[in-house]
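Structure first, commentary second.
The values are calculated or read from the model by the stated rules, or taken from the named source; none is laboratory data. Everything quoted here is computed from the prediction, not taken from an experiment. For neighbour counting, all protein chains shown are included, and Cβ atoms are generated from backbone atoms with ideal geometry for every residue, glycine included.
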Amino acid sequence: MVTVDCHLHLGLMPEQVPEWWLEEQFEGWAGSVDGDDIVEVLDAGGIDIGMVQGGDIRRTTYDPAHPGDHHVYTPNDYTAAECAKHPGRLYGVVCLDPLRDPQAALAELERCVTELDFRLLKLIPTYHHYSPDDPRIDPFYAKCLELDIPVMIHMGWTRTINAPMEHQRPVHLDRVGRDFRDLKVIVAHLGHPWVDEGVAVVAKHPNFYCELAGWAMHGPGAVYGALAKLKSYGAVGRVLYGSDNGDTRDLYHEANRIAMERDGAPVLDEREMADLMGATAARLFRLP
Ligand SMILES: [Zn+2]
């Protein structure tokens, strides 16, 4: 059974990401991550395939202590080059700023999918200062449908201070789900700390999925709680494994241990665990 980590970040410091930005984002940790580093993470966790993303946050990056330093940009071509070094292990995620130059961004999305074989689009509304139900983003959802790829959307908290919290709430995805019923949407981070909203929106829209990247900081009890809620809504089969660059498999096994203690049954049965660890992602991203 194939295993897939759908949420991994590339970036070279300081050429692509300034040190101050990484320190703010990762609580003091800063360093470069290339394709070799990601494959090391995958190997350590026994994961077959990683979906890797760069990013372009040049337009909205700002810190009063570093007013001229907003070059947060890991281009898609860099991601493609790292994937090419690790065929079959790494696949690209299209990263773009839909509001910087919308026509160019739409063309970039198409180019990455048709020419570079990228498998999904990542949007980061809070970092780019828009809400995911902003009509200006609709052409990107339509393009994903046309290209037949899913869109992963960062929903929830981030340490980046300049990212407005009002754009982090999963309820803003409901209009997207209503107007684009066939669009496959992955709610990244399940909207933590607005987990109930995240569960509700995923459970309501049959083509919505979610992942718990970054939840290592919240611990297995929180993971158990989220999975139990998703299960009660019949949506636990639509969770993907995403790590934010680490081996976080234990969170899910620990959640099962907690469920055994509390409920006398695992929150993920064997089939659901296999789906979460890669089978669902392999289907969504058309992986071998
Ligand atoms: Zn991330």
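I need the full set of residues from region 244-258 which are within 16 Å of the ligand (Cβ to nearest atom) and either of a type in the set (Lys, Arg) or not in a helix (DSSP H, G or I) (or both), in order please.
Asp244, Asn245, Gly246, Asp247, Thr248
Scanning region 108-135 for residues that are touching a strand residue (DSSP E or B) at 6+ places or on another chain (Cβ under 6 Å) and of a type in the set (D, E, K, R) turns up Arg119, Lys122. Residues that are within 16 Å of the ligand (Cβ to nearest atom) and free of Cβ contacts under 8 Å to residues at least 40 places away in the same chain within region 171-192 comprise Val187, His189, Leu190, Gly191, His192, listed in sequence order. Here Cys112 fulfils each of the conditions (1) without any contact (Cβ under 8 Å) to a residue 12 or more places away in the chain; (2) outside any loop (DSSP other than H, G, I, E, B) apart from (1). Looking across Arg89, Arg59, one residue alone is over 18 Å from Asp244 (Cα atoms) and modelled with pLDDT of 95 or more. It is Arg59.
Per-residue answers, yes or no, for (1) of a type outside the set (A, V, I, L, M); (2) under 16 Å from Val151 (Cα atoms):
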position: Asp174; (1), (2): yes, yes
position: Arg178; (1), (2): yes, yes
position: Ile186; (1), (2): no, yes
position: Gly191; (1), (2): yes, yes
position: Gly198; (1), (2): yes, yes
position: His205; (1), (2): yes, yes
position: Glu211; (1), (2): yes, yes
position: Trp215; (1), (2): yes, no
position: His218; (1), (2): yes, no
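Taking the criterion of being in contact with a Gly (Cβ under 9 Å, 6 or more places away or on another chain), at pLDDT 95 or above, away from the ligand (no atom under 16 Å from the Cβ) and assigned to a loop (DSSP other than H, G, I, E, B), would at least one residue in region 229-240 satisfy it? So far as region 229-240 goes, no, none of its residues is in contact with a Gly (Cβ under 9 Å, 6 or more places away or on another chain), at pLDDT 95 or above, away from the ligand (no atom under 16 Å from the Cβ) and assigned to a loop (DSSP other than H, G, I, E, B).
Please state which of the following conditions Ala104 fails to meet, knowing it meets all the rest: (1) exposed (fewer than 15 other Cβ atoms within 10 Å of the Cβ); (2) within 15 Å of the ligand (Cβ to nearest atom); (3) not in a loop (DSSP other than H, G, I, E, B). Result: Ala104 fails condition (2) only. Between Leu147, Leu109, Leu121, the distinction of being within 16 Å of the ligand (Cβ to nearest atom) and touching a helix residue (DSSP H, G or I) at 6+ places or on another chain (Cβ under 6 Å) belongs to Leu121 only. Among residues that are assigned to a helix (DSSP H, G or I) and buried (at least 20 other Cβ atoms within 10 Å of the Cβ), Ala281 is included. Taking the conditions (1) assigned to a loop (DSSP other than H, G, I, E, B); (2) more than 16 Å from the ligand (Cβ to nearest atom); (3) touching a strand residue (DSSP E or B) at 6+ places or on another chain (Cβ under 7 Å) in turn, Val267 satisfies each one other than (3).
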